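The values are calculated or read from the model by the stated rules, or taken from the named source; none is laboratory data. In this text, all values refer to a predicted model and were calculated from it rather than measured experimentally. Virtual Cβ from ideal backbone geometry, glycine too; neighbours counted across all protein chains shown.
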Amino acid sequence: MADKRSTLDELVGELRSGMTVGIGGWGSRRKPMAAVRTILRSDLDDLTIVSYGGPDVGLLCASGKVSRVVFPFVTLDSIPTDPHFKAARQTGSVAATEYDEGMFYLGLLAASQRIPFLPTRAGLGSAVLEVNPQLRTVTSPYDDGEELVAMPALHLDAAIIHVNRADAAGSGQILGPDPFFDELYLGAAERRFVTTERLIPTEQFASEGPLQTMNISRLLTDLVVETPGGAHFTACVPDYGRDEAFQKEYVAAAGDPDAWSAFRQRFLDVDEEGYQSAVREASEELAARKRAERAAKAAGEAS
Amino acid sequence: MTTTSDTGVTRAEFCVIACAEVFRDDGEVMASAFGTAPAIGSRLAQRTFSPDLVLTDGDAALMVGAPALGTPTDSLVLESHMPYRKVFDVVWSGRRNLIMMASQIDRTGNQNISAIGPWAQPKAQLVGVRGAPGNTLNHPTSYWVPNHSTRSFVEQVDVVSGVGYQRAAAAGPAATRFHAIGRVVSNLGVFDFETPDRTMRLRSVHPGVTVDEVAAATGFELVVPDQVPETRLPTPEELSLIRDVLDPRGLRDREVSG
């Protein structure tokens, strides 16, 4: 079996400015954030990002590396919208291609199956057809004669997903309850990149979870990178949940240029190892602050 | 607990009842509900008059029964895997009844959750159209608006996410075949589209709300019947299910006051 092990820098080194890049996960869940952070530090620009969007989209918009976002939503789940994506849309600094969630799925599926489009009712009558003048309808060749939307294949130059476990040959295991559409992002892409919480010997997959959790086949992967905490601050269950405190800090910092500059210096202008240790420090500071608040409250109640 | 009527029933509880009624006579379909009153309402319906409803755990599974809001995941009894990819199978099969939220809703039932202002460069970017275009064309869809005002009930929504009656008709038979906008429940009343031209009608006002208040808070001309009933009272059993079983922490009062 080929050895596909690689590094974040090598992975991002395979990308080129102007590429269309699909990013797996859903909202603020199991996003390949370590790879996104590495893109932020690169000299790439003019990217088209295709994503069931979360903070991956927000951070890339904030960095000015994105010219277009293809999305059905951009959300942080526990917080309805991403502040940087919001700002980018409201100032017009990124172009947008907005699809229904199901159309987006069919676009990835069509690209994976090497067919030009898949038909669907979704989109008919909605603004999606108006804001995407490139979309066409197709009339059923059978007796029903229904006129449906022909959702075009969403071809990707590259796709990046993050999984719980993987082996050196690029097979991946998703241990959380929802594999989302990660397999289809890989299927739709020319270059396919998997980052993982932990690289393990293939024979260990079976002790981590049942067969149906081994859902990314090496047929779909080119490189695999071990990056523990690589989905932080998004959820990567069962390894860790969403870091809600950190996500709140991300949103708060986005609202103020000075705060954002401090956030960027501390968490984004450093390499992945630096990020992970800054996150640990920040979390210890928060815990200490909470302990002090509790102590002060207890002292207040006692007096 | 604050109350707006002399029955001791809060406004939020009337909203829960109105949401529960959306799922009456549904049989074995997947009930999806966004917002607090719809979440309690769908569970109440499952525990009373629509026992075959299938509820989701809010993650990637279908669960047994209708536990309290906020029940920890590890104490739910799950019956089936329902990751997003399978959710689309259910959506496109039509075996679903849904209450979505609406940042804007208009006279013919179009809903907007995408953006306020011009789409090309919005005044306010919202979450995105999400699944609303496909949902509305494939299975019954109703809406929940906890802050009824002329900003949420508008003449025409800015970005049509969920498709209303006129636009579905204009889009042709493939769009109307499975299209149905059920009701709109707000903090002031209940609305439907059971009119000859499928424009929004005031179906009931919540006790304590007048027809004039509803009209003043609505940015278009509503169809108002001569006699507008009040939203029905919960039965004692329903009230105790809401207060003691489904929402003992009173989350409903944080969404709708009074």
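Within the set A:Leu135, A:Leu148, A:Leu118, A:Leu129, the sole residue that is more than 30 Å from A:Gly241 (Cα to Cα), within 10 Å of another protein chain (Cβ to nearest Cβ), among the hydrophobic types (A, V, I, L, M, F, W, C) and touching a helix residue (DSSP H, G or I) at 6+ places or on another chain (Cβ under 6 Å) turns out to be A:Leu148.
Taking residues in the stretch B:178-207 that are on the phi < 0 side of the Ramachandran plot, and partners anywhere that are modelled with pLDDT under 95 and assigned to a loop (DSSP other than H, G, I, E, B), the pairs with Cβ atoms closer than 9 Å and at least 6 places apart or on different chains are B:Asn187/B:Ser257; B:Asn187/B:Gly258; B:His206/B:Thr4; B:His206/B:Ser5; B:Pro207/B:Thr4; B:Pro207/B:Ser5; B:Pro207/B:Asp6; B:Pro207/B:Thr7. Once the stretch B:70-104 is narrowed to residues that are away from chain A (no Cβ under 14 Å) and surrounded by 18 or more Cβ atoms within 10 Å (Cβ to Cβ), the residue that is farthest from B:Phe153 (Cα to Cα) is B:Asn97. Looking at this structure, is B:Gln125 without any contact (Cβ under 8 Å) to a residue 24 or more places away in the chain and within 11 Å of chain A (Cβ to nearest Cβ)? Yes: the conditions hold for B:Gln125. Of the helices (runs of 4 or more DSSP H) lying entirely inside the stretch A:12-108, those carrying at least 1 residues that are within 10 Å of chain B (Cβ to nearest Cβ) and among the β-branched types (Val, Ile, Thr) are A:83-91.
Counting the residues of the stretch B:180-203 that are of a type in the set (Ser, Thr, Tyr) and either at pLDDT below 95 or buried (at least 22 other Cβ atoms within 10 Å of the Cβ) (or both) gives 1.
Between B:Gly219, B:Gly172, which is within 30 Å of B:Arg95 (Cβ to Cβ) and either surrounded by 15 or more Cβ atoms within 10 Å (Cβ to Cβ) or of a type in the set (Asp, Glu) (or both)? On inspection, the qualifying residue turns out to be B:Gly172.
Of the listed requirements (1) closer than 23 Å to B:Gly117 by Cα; (2) more than 19 Å from the chain's Cα centre (by Cα), A:Thr120 misses just one: (1). Every test in (1) touching a Cys at 6+ places or on another chain (Cβ under 8 Å); (2) outside any helix (DSSP H, G or I) is passed by A:Ala158 save one, and that test is (1).
Residue-by-condition table, conditions (1) more than 18 Å from B:Ala18 (Cα to Cα); (2) of a type in the set (Lys, Arg); (3) within 19 Å of the chain's Cα centre (by Cα):
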| position | (1), (2), (3) |
| --- | --- |
| B:Leu222 | yes, no, yes |
| B:Asp244 | yes, no, no |
| B:Pro248 | yes, no, no |
| B:Leu251 | no, no, yes |
